[in-house]
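These notes are about the structure you will find just below.
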Amino acid sequence: EVGQAVREAMEELGLQREDIFVITKIYPGSEMANPEQSIQACLDRLDLGYVDMMLLHHPDRNDVKAYQAMEKFIEEGKIRSLGLSNWYVEELEEFLPQVSITPALVQNEIHPYYQENEVIPYIQDLGIVVQGWYPLGGRGHTGELLGDEVISSIAKAHGVSSAQVILRWNLQKGVVVIPGSSNPDHIKENTELYDFVLTDEEMAQINALDRNEKHDWY
């Protein structure tokens with residue numbers, strides 16, 4: 001379904017394949033246990049010729065085996081780049097020496113209540129891009145985060161939304177953000193992050209909100 005929707009959008013908008021960036025994932029369990037079969041099945045379902053990036057969803061006893069299979073698909077041109085999701089310092093220290101291709105990206109839960117202040121610089125120092133999922137707190141937690149008094153006050157000072165403040169905070173930390181929304185107005189707003197800059201004091205105020213509070217178990 002995803003591949004079909006992408007193909008239809010490309011045709012409707014007159015886009016070439018290289019105009020879009022498609023990321024998909026391999027999950028623990030049967031997919032990582034039979035990685036070559038799972039990867040090929042994923043490529044067949046999408047039917048886009050290749051994927052721009054494939055991630056391992058989270059650590060698993062077969063994660064090295066699965067990643068090495070992904071490396072073979074890189075050689076064949078069916079996958080363009082590799083990444084990891086929900087990997088932290090200890091897991092990376094064990095995993096990286098066992099693979100040939102350094103992941104281009106590590107995608108972790110990151111938001112003002114769960115900031116990963118040790119993990120982010122560790123990953124960045126390896127030359128790997130950090131991407132934050134749940135940047136607005138995640139299901140069931142977004143309202144509390146957007147209504148936080150500190151964030152709301154900063155948003156008011158800049159004439160922007162609380163969501164924009166949080167996304168801008170991430171960007172100033174060098175973290176790529178992927179907020180999810182089906183609301184066209186929110187999607188547009190989430191891209192309007194470059195007309196204001198948070199001060200050092202404002203960054204420090206948001207940094208002080210850290211609770212080490214994960215909103216998902218990965």
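Axis of helix 162-172 versus longest Cα principal axis of the chain: the two differ by about 60°, to the nearest ten degrees. Farthest towards the positive end of the charge dipole of region 133-213, among the residues Val197, Gln172, Ile187, is the Cα of Ile187, using unit charges on the Cβ of Lys, Arg, Asp and Glu.
Mean sequence separation of contacting Cα pairs (under 8 Å, at least six apart), scaled by the length of the chain, corresponds to a relative contact order of 15 percent.
Model label sites at Leu126 and Ser181, defined 7 Å from Cα along the beta-carbon direction, differ in position by 3.2 nm.
Please work out whether region 133-213 counts as rounded, prolate or oblate from its C-alpha gyration tensor, where a ≥ b ≥ c are the square roots of the eigenvalues and a/c under 1.5 means rounded, while otherwise a/b larger than b/c means prolate and anything else oblate? Taking the square roots of the gyration eigenvalues as a ≥ b ≥ c, region 133-213 is rounded. Pair-distance distribution P(r) for region 1-84, from all Cα-Cα distances in 10 Å bins starting at 0: 19, 50, 24, 7, 0 percent. Each residue in Ser181, Ser162 was given a count of other beta-carbon atoms within 10 angstrom of its own, and listing them fewest first yields Ser181, Ser162.
Here the chain has an Rg and Dmax of 18.6, 53 Å, counting Cα atoms alone.
Taking other C-beta atoms within 10 Å as the exposure proxy, Tyr113, Tyr122 rank Tyr122, Tyr113 from fewest upward.
If the elastic network links every pair of Cα atoms under 10 Å, which of Leu15, Leu56, Leu46 fluctuates the most in the Gaussian network model of the chain? Among Leu15, Leu56, Leu46, the largest mean-square fluctuation in the Gaussian network model of the chain belongs to Leu15. With both residues required to sit in region 46-149, DSSP beta bridges show an antiparallel share near 10%.
Relative to the dominant Cα principal axis of the chain, helix 35-46 is inclined by about 70°.
Of the residues Glu36, Glu12, Glu192, the one that moves most in a GNM of the chain with alpha-carbon contacts below 10 Å is Glu12. Note on Ala5 and Glu149: their simple-model spin labels are 4.0 nm apart, each label 7 Å out from Cα toward Cβ. On a 0 to 90° scale, report how tilted helix 149-158 is relative to the longest principal axis of the chain, with both axes built from alpha carbons and the result rounded to the nearest 10. It is inclined by approximately 80 degrees.
With an 8 Å cut-off on Cα pairs and a minimum separation of 6 or more residues, tell me the relative contact order of region 103-218 in percent. Answer for region 103-218 is 33 percent. Stretching the chain fully between Asn207 and Leu13 yields a gain of 65.8 nm (0.36 nm per residue, less the alpha carbon separation).
Per-residue Cβ neighbour counts within 10 Å put Met54, Met203 in the sequence Met203, Met54, beginning with the fewest. The spacing between region 40-114 and region 127-183, judged by their C-alpha centroids, is 25 Å. How much mean residue ellipticity at 222 nm does the chain get from its helices, if each DSSP H run of length 4 or more adds -39500 (n - 2.57) and you divide by all residues, to the nearest 500 deg cm²/dmol? When only DSSP H runs of four or more count, the value is -12500 deg cm²/dmol.
DSSP beta bridges confined to the chain are antiparallel in about 5 percent of cases.
No value in this document is a laboratory result; all are computed from the given coordinates. Note that the coordinates shown come from a computational prediction; the quantities given were computed from them, not determined experimentally. Glycine gets a Cβ as well: all are built from the backbone with ideal geometry, and neighbour counts include every protein chain shown.
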